[in-house]
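Asks: One structure follows; several queries about it will come next.
The values are calculated or read from the model by the stated rules, or taken from the named source; none is laboratory data. Since the model is a prediction, treat every value here as computed from it, not as a measurement. Because the Cβ atoms are built from the backbone with ideal geometry, glycine has one as well, and the counts that use them run over all protein chains shown. Accessible surface areas use protein heavy atoms only, side chains included; no ligands, DNA or RNA. Shrake-Rupley method; radii C 1.70, N 1.55, O 1.52, S 1.80 Å.
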Amino acid sequence: MQKFKAVFGVQDMTVGKPIVNLAAFSIPLLIGNLAQQMYNTVDSIIVGRFVGDSALAAVGTSGPVLNLLLLLFMGISTGAGILVAQFFGARRERELSRTVGTCITLTLLASLIIMALGPVIIRPLMTLLQTPPDVYEMAVDYLSIVVIGIAGAAYYNIISGVLRGLGDSFSPLVFLIIACLLNIALDILFVARFDMAAAGVALATVIAQGVSALLCLWRLTHMKETLRLSLRDLLPDRGMTSRIIRLGLPSGLTQAIFSMAAIVVQRLTNTFGTSVMACAIVVMRVDGFAMMPNFTFGMAMTTFVGQNVGAGRMDRVHEGVRDGVRAGLMIAAALVAGILLFGEGLMRLFTETDEVVRLGVHMMRILAVGYIAMAVTQSLSGVMRGAGDTMTPMWVSLITTIVIRMPLAYGIAYFTRSPAQPHGTPDCLFISLLIAWIMGAVLTSVFYRRGKWRDKSVVGKEEA
């Protein structure tokens, strides 16, 4: 029982060997990230198999719009996670409770804003994306249902982020697996049995995410040994709100950059037709799994660095960085080998259309080496965020996405136009992404080595 708790319980990362801390925290976190990815993947497999490529394209083209609507939550989650980790490391229980309570209230307000704003802008955005007629209505149905039930996704992501900041990566995993199994069962019921197409997928996702959010909230209110929440803590604290926004805004803007760029690139993708749209969504589903180790070590580094910066243990920070980057690179390399070897089999999980499968395998081979570059970017970005420097990762994202990826995608498409391909080559979508990933790794490494992130600690500034 003691060993089980050491691996899957709350992790105090300010003591013990950094590599052991990172491994114990990352194992359930990685499984959780994989389960999170299963939400979208199962949705895609079921609509692709039971409805067809048009429904698959509808779910895929909705992704960038949905991410744009989730920006408020992403910012709150990042800011709260950094504060929670640093206050936990510094053993400042009063500020910890006020941070969590403020976070819960801000999430409610943000949910109400999205629920009011979302239905108004969905159709204009789908029109702006030049969504094909055979996809348009299904995409609108999918997004409308997800937006109305946005609170479940919001609270799960934010409260699970708080739990991870406290060193608990196991509880969010258990709740996510429960929700994922529920989502699969409801997907099959609504789509295969009731023939609800994309709307059924959306409804299943909303219900499952609502269940996972309630379970996370239950866990948070029962962590008496770590956190003591009261009704008074739920009143928004001006100082904590300011800190959360200051730390979270750059990450929210980073996600805004990604979402706006994805919408712009999605508009280009849609010009290539339904087959390329379906191929792109399948490739990005596989991409989601390949990215999991990178995201996992990035999130683990944020919590590890946050707790140790709060405790004033910079020696442990540097040792943990070396261990985390090495582990991320090794796992990313292994996954790239798997994608290259089993790419066609992965594609056929989603569709039996030979044209989509052939194109998807080709696109995955283009992207393959980029996952190794992203291992560096995500790990070092996680270090900087954990220390309180959320601005540098934002600038790197801005440069790689706006300055590099989008112009490259449209430029390659323009210069490869021909009678056979009047809109250019679809390769532009992924060649541009590969180059952006490689440049992101180079820039992140440069900023990390400059070391200005070491002076960004919130707790350190207050004590000074």
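Asks: Say we look at region 269-285 and pick out the residues that are among the hydrophobic types (A, V, I, L, M, F, W, C), surrounded by fewer than 24 Cβ atoms within 10 Å (Cβ to Cβ) and part of a helix (DSSP H, G or I); which of these is nearest to the chain's Cα centre (by Cα)?
Replies: In the first step, residues of region 269-285 are kept if they are among the hydrophobic types (A, V, I, L, M, F, W, C); the result is 272, 276-284.
Now narrow it down to the ones that are surrounded by fewer than 24 Cβ atoms within 10 Å (Cβ to Cβ): 272, 276, 284.
Retained after the next criterion (residues that are part of a helix (DSSP H, G or I)): 276, 284.
Working: VAL276: 24, MET284: 13 Å.
Among residues in region 269-285 that are among the hydrophobic types (A, V, I, L, M, F, W, C), surrounded by fewer than 24 Cβ atoms within 10 Å (Cβ to Cβ) and part of a helix (DSSP H, G or I), the one nearest to the chain's Cα centre (by Cα) is MET284.
Asks: One residue is enough: does region 223-246 have a residue meeting the conditions among the aliphatic types (A, V, I, L, M), farther than 20 Å from ALA110 by Cα and buried (at least 21 other Cβ atoms within 10 Å of the Cβ)?
Replies: Start the filter on region 223-246 by keeping residues that are among the aliphatic types (A, V, I, L, M), which leaves 223, 227, 229, 231, 234-235, 240, 244-245.
Adding the requirement that they be farther than 20 Å from ALA110 by Cα leaves 223, 227, 229.
Remaining after also requiring buried (at least 21 other Cβ atoms within 10 Å of the Cβ): 227.
Yes - at least one qualifying residue is present in region 223-246.
Asks: In region 285-337, which residue that is small (Gly, Ala, Ser) and without any contact (Cβ under 8 Å) to a residue 12 or more places away in the chain is farthest from ALA85 (Cα to Cα)?
Replies: Initially, region 285-337 is screened for residues small (Gly, Ala, Ser), giving 288, 290, 298, 300, 306, 310-312, 320, 324, 327-328, 332-334, 337.
Imposing the further condition that a residue be without any contact (Cβ under 8 Å) to a residue 12 or more places away in the chain reduces the set to 334, 337.
Values: ALA334: 31, ALA337: 35 Å.
If we take residues in region 285-337 being small (Gly, Ala, Ser) and without any contact (Cβ under 8 Å) to a residue 12 or more places away in the chain, then ALA337 is farthest from ALA85 (Cα to Cα).
Asks: When residues of region 364-394 are filtered for being in a helix (DSSP H, G or I) and touching a Pro at 6+ places or on another chain (Cβ under 8 Å), how many remain? It would help to see each step written out before you state the result.
Replies: Of region 364-394, the ones in a helix (DSSP H, G or I) are 364-367, 370-386, 391-394.
Remaining after also requiring touching a Pro at 6+ places or on another chain (Cβ under 8 Å): 375, 381, 384-385, 391, 393-394.
Adding up the residues that qualify gives 7.
Asks: Moving on. Any residue at all in region 89-99 that's among the aliphatic types (A, V, I, L, M), open to solvent by 30 Å² or more (accessible area, probe 1.4 Å) and outside any helix (DSSP H, G or I)?
Replies: Restricting attention to region 89-99, the residues satisfying the condition of being among the aliphatic types (A, V, I, L, M) are 90, 96.
Narrowing further to those that are open to solvent by 30 Å² or more (accessible area, probe 1.4 Å): none.
Looking for residues that are among the aliphatic types (A, V, I, L, M), open to solvent by 30 Å² or more (accessible area, probe 1.4 Å) and outside any helix (DSSP H, G or I), one finds none in region 89-99, hence no.
Asks: Report every pair of residues separated by at least 6 positions or lying on different chains whose Cβ atoms are under 7 Å apart, first residue within region 229-241 and at negative phi, second surrounded by 10 or more Cβ atoms within 10 Å (Cβ to Cβ) and aromatic (Phe, Trp, Tyr).
Replies: Close Cβ pairs satisfying both conditions: none exist.
Asks: Would you mind stating whether ALA441 is of a type outside the set (D, E, K, R) and over 30 Å from ARG454 (Cβ atoms)?
Replies: no
Asks: With THR105, THR131 as the choices, which residue is crowded, with 22+ Cβ neighbours inside 10 Å and farther than 12 Å from LEU66 by Cβ?
Replies: Numbers: THR105 fails: crowded, with 22+ Cβ neighbours inside 10 Å.
Within the list THR105, THR131, the selection yields THR131.
Asks: Still on this structure, please answer the following. Against the condition surrounded by 17 or more Cβ atoms within 10 Å (Cβ to Cβ), farther than 30 Å from SER275 by Cβ and either at pLDDT below 70 or touching a Lys or Arg at 6+ places or on another chain (Cβ under 9 Å) (or both), how does LEU22 come out, does it pass? Please lay out each step first, then the result.
Replies: Numbers: surrounded by 17 or more Cβ atoms within 10 Å (Cβ to Cβ): yes; farther than 30 Å from SER275 by Cβ: yes; either at pLDDT below 70 or touching a Lys or Arg at 6+ places or on another chain (Cβ under 9 Å) (or both): no.
Criteria not met by LEU22.
Asks: Let me ask something else about it. Given the options ALA139, ALA153, name the one that is farther than 30 Å from LEU227 by Cα, out of contact with any strand residue (DSSP E or B) (no Cβ under 9 Å at 6 or more places or on another chain) and crowded, with 20+ Cβ neighbours inside 10 Å.
Replies: Details: ALA153 fails: farther than 30 Å from LEU227 by Cα.
Being farther than 30 Å from LEU227 by Cα, out of contact with any strand residue (DSSP E or B) (no Cβ under 9 Å at 6 or more places or on another chain) and crowded, with 20+ Cβ neighbours inside 10 Å holds for just one of ALA139, ALA153, which is ALA139.
Asks: Regarding THR377, is this residue among the polar types (S, T, N, Q), open to solvent by 10 Å² or more (accessible area, probe 1.4 Å) and in contact with a Phe, Trp or Tyr (Cβ under 6 Å, 6 or more places away or on another chain)? Don't jump to the end; show me each part of the working.
Replies: Numbers: among the polar types (S, T, N, Q): yes; open to solvent by 10 Å² or more (accessible area, probe 1.4 Å): yes; in contact with a Phe, Trp or Tyr (Cβ under 6 Å, 6 or more places away or on another chain): no.
Judged against the criteria, THR377 is not a match.
Asks: Failed condition for ARG322, given (1) under 19 Å from the mean Cα position of the chain (by Cα); (2) open to solvent by 20 Å² or more (accessible area, probe 1.4 Å), with all others met?
Replies: It fails just one condition, (1).
Asks: Name every residue in region 224-254 that is modelled with pLDDT under 75 and not in a helix (DSSP H, G or I), in order of residue number.
Replies: Result: LYS224, GLU225, THR226, LEU227, ARG228, LEU229, SER230, PRO236, ASP237.
Asks: Which count do you get for residues in region 193-204 that are part of a helix (DSSP H, G or I) and either at positive phi or open to solvent by less than 10 Å² (accessible area, probe 1.4 Å) (or both)? Give the steps one after another, and end with the answer.
Replies: Kept after step one, since they are part of a helix (DSSP H, G or I), are these residues of region 193-204: 193, 197-204.
Okay, now just the ones that are also either at positive phi or open to solvent by less than 10 Å² (accessible area, probe 1.4 Å) (or both), so 197-198, 200-202, 204.
The total comes to 6.
Asks: Right, ALA327: part of a helix (DSSP H, G or I) and either touching a helix residue (DSSP H, G or I) at 6+ places or on another chain (Cβ under 9 Å) or surrounded by 22 or more Cβ atoms within 10 Å (Cβ to Cβ) (or both) or not?
Replies: Numbers: part of a helix (DSSP H, G or I): yes; either touching a helix residue (DSSP H, G or I) at 6+ places or on another chain (Cβ under 9 Å) or surrounded by 22 or more Cβ atoms within 10 Å (Cβ to Cβ) (or both): yes.
Yes.
Asks: Being at pLDDT below 85, touching a Leu at 6+ places or on another chain (Cβ under 9 Å) and not aliphatic (A, V, I, L, M) narrows it down to one residue among THR377, THR400, THR390; which is it?
Replies: Details: THR377 fails: at pLDDT below 85; THR400 fails: at pLDDT below 85.
From the options THR377, THR400, THR390, the qualifying one is THR390.
Asks: Select from region 192-211 the residues that are within 26 Å of the chain's Cα centre (by Cα) and not small (Gly, Ala, Ser) and write down the one among them that is nearest to TYR136 (Cα to Cα).
Replies: Step by step, filter region 192-211, then rank; the result is VAL201.
Asks: Is there a residue being modelled with pLDDT of 75 or more, open to solvent by less than 50 Å² (accessible area, probe 1.4 Å) and of a type in the set (Gly, Ala, Ser) anywhere in region 26-49?
Replies: Checking region 26-49: at least one residue is modelled with pLDDT of 75 or more, open to solvent by less than 50 Å² (accessible area, probe 1.4 Å) and of a type in the set (Gly, Ala, Ser).
Asks: In this structure, is VAL317 under 23 Å from the mean Cα position of the chain (by Cα) and open to solvent by less than 60 Å² (accessible area, probe 1.4 Å)?
Replies: Working: under 23 Å from the mean Cα position of the chain (by Cα): no; open to solvent by less than 60 Å² (accessible area, probe 1.4 Å): yes.
Criteria not met by VAL317.
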